[in-house]
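**Student:** Dropping the structure in here first, questions after.
The values are calculated or read from the model by the stated rules, or taken from the named source; none is laboratory data. Model, not experiment: these values are computed from the prediction. Every residue, glycine among them, receives a Cβ derived from its backbone with ideal geometry; neighbour counts consider all protein chains shown.
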Amino acid sequence: MFNSYHFVGVGGIGMSSIAQVLREQGHSVSGSDRNYDRQITPHVFKKLLSKGILLYPQNGSGVSENTNFIVVSSAIEMDNPDIAKAVTLGKKIIKRAELLAEMVNNKYGIAIGGSNGKTTVSSMVGYVLDHAGLSPTIIVGGCIKNYTDDLTMGNAKTGKSDIIAIEADESDGSIVFYKPRISVITNISKDHESIENLSKMFETFSQNTQDTLIINADCPHLKVIPFKNKHLVTFGLNTNANLCAHNVVHEPFRTTFTVDRQVYKIPLPGDYNVSNALAAIAVARRLNISDENVALALSRFMGVQRRMDIIGEVDGIKVIDDYAHNPKKVTAVINAIKHGCKRVIAVFQPHGYGPTIFMQKEFIEAFINVLSPQDLLFMPEIFYAGGTANKSISSADLINSIKQGGKNAFFVEKRDDIIPMITTEARIGDCIVVMGARDNTLTQFCEKMVHTMKRHTHA
């Protein structure tokens, strides 16, 4: 039976992936988005239109008597015009997570969760399975560069088999809805919730797993959770895990390691990407994909946009775009970059006032600990996505504390004002990394940085 779905906030990375799959499965799909109304990130909406997804202004006009379901994310406020129209017409409003859970629970579901790394792991898993000919449906929270082109976002792929590999989100608590055949927990760290709350959610997630649970044995917070799954598989770098990486060699933006005599070469830097690859290997083994096939697939995996994504290089200076938005991710990214450069110039845009208040202490400690004496940190004002917010904190508060910790840290209120400062300061061998979440224009900021550096060079 084919239905009509209307997505409120269809341009979001998590919403658009489901919308594309449903459309490719034959359903009628439409959507609205504030960014579409404001003509922000038009390339995203061009790609959605090319898939046959109808776009409407976010004024209620996209909801009609023929609409069966209104799909919303946790970020959508209930006074949204589309929702108000749906209520008037008596239409069923469902959360994105509930819809995705239904899609997963009715298939051979593979769900990847965790505070860090879940996008890369779910993308790796999807690509490895696809490379092996298993034709999975893939729904992830990032754009897989192997699948991205002028008309394809790369965050979704509709397969022909019963297998569906997805990224499971814990930020809104929805991870407890999934009942997958195979699940992966990458790690737990303070992000949207406390460690205590996250641990409870992931314990429930593990209990809902029908077959195999795969966990990171290097994560201390996972060690204290009483997992009771019959088929428990562990992976890690520094432990006696079921899958353990040996002979890890870090090169600039490339890593080689060995698992059970099989050599793996991934075009990604850092220990955390070795850990991500181990999780994907564990899933592949459970599906009887040979280690040789997995190694070949991982060597061809091009990564995910905004995950250690090299936007350009000018005169030996790399500009990198990354989604890192919590203290652990920031630390992992900067440490990984250090394998391939002389100095790190970091730009970090905190995402949202609430998360920044929640993780203020941890952010300050992370930057003080990870930045070397020669490194630089620039921070614009906190990104505000709209809605109600307690604006009692500023990026300047974080910068002042990081300065007191002896680091080269600078508050620059307007983000674009950072570009000429870095253009003047950067030198051969530096890596400029831009980090932050929620803001779809950060990649454009990186591109503008590269363009300005090229003009500066040729001046």
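**Student:** Quick check: anything in the range 96-111 touching a residue at least 24 places away in the same chain (Cβ under 8 Å), among the small types (Gly, Ala, Ser) and touching a strand residue (DSSP E or B) at 6+ places or on another chain (Cβ under 8 Å)?
**Tutor:** Step one: filter the range 96-111 for residues touching a residue at least 24 places away in the same chain (Cβ under 8 Å), giving 96-101, 103-105, 107-111.
If we keep only those that are among the small types (Gly, Ala, Ser) as well, we get 97, 101, 109, 111.
If we keep only those that are touching a strand residue (DSSP E or B) at 6+ places or on another chain (Cβ under 8 Å) as well, we get 109, 111.
Yes, the range 96-111 contains at least one residue that is touching a residue at least 24 places away in the same chain (Cβ under 8 Å), among the small types (Gly, Ala, Ser) and touching a strand residue (DSSP E or B) at 6+ places or on another chain (Cβ under 8 Å).
**Student:** Looking at the range 309-328, which of its residues are in a loop (DSSP other than H, G, I, E, B) and closer than 20 Å to residue 379 by Cβ? Quick ask: steps written out before the conclusion?
**Tutor:** As a first pass, look at the range 309-328 and keep what is in a loop (DSSP other than H, G, I, E, B): 315-316, 323-326.
Within the range 309-328, 323, 324, 325, 326 meet the criteria.
**Student:** Taking the options 345, 357, 368, name whichever one is assigned to a strand (DSSP E or B) and of a type in the set (Val, Ile, Thr).
**Tutor:** Exactly one of 345, 357, 368 is assigned to a strand (DSSP E or B) and of a type in the set (Val, Ile, Thr), namely 345.
**Student:** Mind listing whichever residues of the range 1-35 are modelled with pLDDT under 95, part of a helix (DSSP H, G or I) and over 20 Å from the mean Cα position of the chain (by Cα)?
**Tutor:** 34 - this is the single residue of the range 1-35 that is modelled with pLDDT under 95, part of a helix (DSSP H, G or I) and over 20 Å from the mean Cα position of the chain (by Cα).
**Student:** Of all residues being among the hydrophobic types (A, V, I, L, M, F, W, C) and under 20 Å from the mean Cα position of the chain (by Cα) in the range 58-109, which is surrounded by the most Cβ atoms within 10 Å (Cβ to Cβ)? Just the residue, please.
**Tutor:** Checking each candidate, the answer is 100.
**Student:** For the range 427-445, give me the residue count where each residue is assigned to a helix (DSSP H, G or I) and crowded, with 21+ Cβ neighbours inside 10 Å.
**Tutor:** Of the residues in the range 427-445, the ones assigned to a helix (DSSP H, G or I) are 442-445.
Of the ones still in play, those that are also crowded, with 21+ Cβ neighbours inside 10 Å are 442, 445.
Final tally of qualifying residues: 2.
**Student:** Could you say which residue among 448, 454 is at pLDDT 95 or above and either closer than 29 Å to residue 14 by Cβ or surrounded by fewer than 18 Cβ atoms within 10 Å (Cβ to Cβ) (or both)?
**Tutor:** Of the residues listed, the single one that is at pLDDT 95 or above and either closer than 29 Å to residue 14 by Cβ or surrounded by fewer than 18 Cβ atoms within 10 Å (Cβ to Cβ) (or both) is 448.
**Student:** Could you tell me which residue of the range 115-144 is nearest to residue 271 (Cα to Cα), considering only residues that are among the hydroxyl-bearing types (Ser, Thr, Tyr) and part of a loop (DSSP other than H, G, I, E, B)? Working first, answer last.
**Tutor:** Here is the first cut: in the range 115-144, the ones among the hydroxyl-bearing types (Ser, Thr, Tyr) are 115, 119-120, 122-123, 127, 135, 137.
With the extra rule that they be part of a loop (DSSP other than H, G, I, E, B), the set shrinks to 115, 135.
On the way: 115: 16, 135: 29 Å.
So the residue we want is 115.
**Student:** Would you please list the contacts, defined by Cβ atoms under 7 Å and residues six or more apart or on different chains, that run from a residue in the range 118-145 that is outside the structural domain of residue 264 (by TED's automatic domain parsing) and under 17 Å from residue 281 (Cβ atoms) to a residue that is surrounded by 24 or more Cβ atoms within 10 Å (Cβ to Cβ) and among the charged types (D, E, K, R)?
**Tutor:** Cβ pairs passing all conditions: none.
**Student:** Please verify whether the range 382-405 includes one or more residues that are more than 24 Å from residue 186 (Cα to Cα), assigned to a helix (DSSP H, G or I), among the acidic types (Asp, Glu) and not assigned by TED's automatic domain parsing to the domain that holds residue 255. Break it down into steps so the answer makes sense when it comes.
**Tutor:** Let us first name the residues in the range 382-405 that are more than 24 Å from residue 186 (Cα to Cα), namely 382-405.
Narrowing the set further to residues that are assigned to a helix (DSSP H, G or I) leaves 395-404.
Then drop every residue that is not among the acidic types (Asp, Glu), which leaves 397.
After this cut, where a residue has to be not assigned by TED's automatic domain parsing to the domain that holds residue 255 as well, the list is 397.
Yes, because at least one residue in the range 382-405 is more than 24 Å from residue 186 (Cα to Cα), assigned to a helix (DSSP H, G or I), among the acidic types (Asp, Glu) and not assigned by TED's automatic domain parsing to the domain that holds residue 255.
**Student:** For the list (1) surrounded by 22 or more Cβ atoms within 10 Å (Cβ to Cβ); (2) at positive phi, I need the number of the one condition that residue 260 fails.
**Tutor:** That leaves (1) as the condition not met.
**Student:** Tell me, yes or no, whether the range 320-336 has at least one residue that is surrounded by fewer than 20 Cβ atoms within 10 Å (Cβ to Cβ), touching a residue at least 40 places away in the same chain (Cβ under 8 Å) and either among the hydroxyl-bearing types (Ser, Thr, Tyr) or over 22 Å from residue 275 (Cα atoms) (or both).
**Tutor:** Scanning the range 320-336, I find no residue that is surrounded by fewer than 20 Cβ atoms within 10 Å (Cβ to Cβ), touching a residue at least 40 places away in the same chain (Cβ under 8 Å) and either among the hydroxyl-bearing types (Ser, Thr, Tyr) or over 22 Å from residue 275 (Cα atoms) (or both), so the answer is no.
**Student:** Evaluate the following for residue 115: is it modelled with pLDDT under 95, in contact with a His (Cβ under 7 Å, 6 or more places away or on another chain) and either more than 20 Å from residue 297 (Cβ to Cβ) or charged (D, E, K, R) (or both)?
**Tutor:** Numbers: modelled with pLDDT under 95: yes; in contact with a His (Cβ under 7 Å, 6 or more places away or on another chain): no; either more than 20 Å from residue 297 (Cβ to Cβ) or charged (D, E, K, R) (or both): yes.
In short, no.
**Student:** A follow-up question, please. Residues in the range 279-332 that are under 25 Å from residue 457 (Cα atoms) and of a type in the set (Val, Ile, Thr): how many? Full working, then the answer.
**Tutor:** Step one: of the range 279-332, the residues under 25 Å from residue 457 (Cα atoms) are 308-322.
Now drop any that are not of a type in the set (Val, Ile, Thr), which leaves 310-311, 314, 317, 319-320.
Total meeting the criteria: 6.
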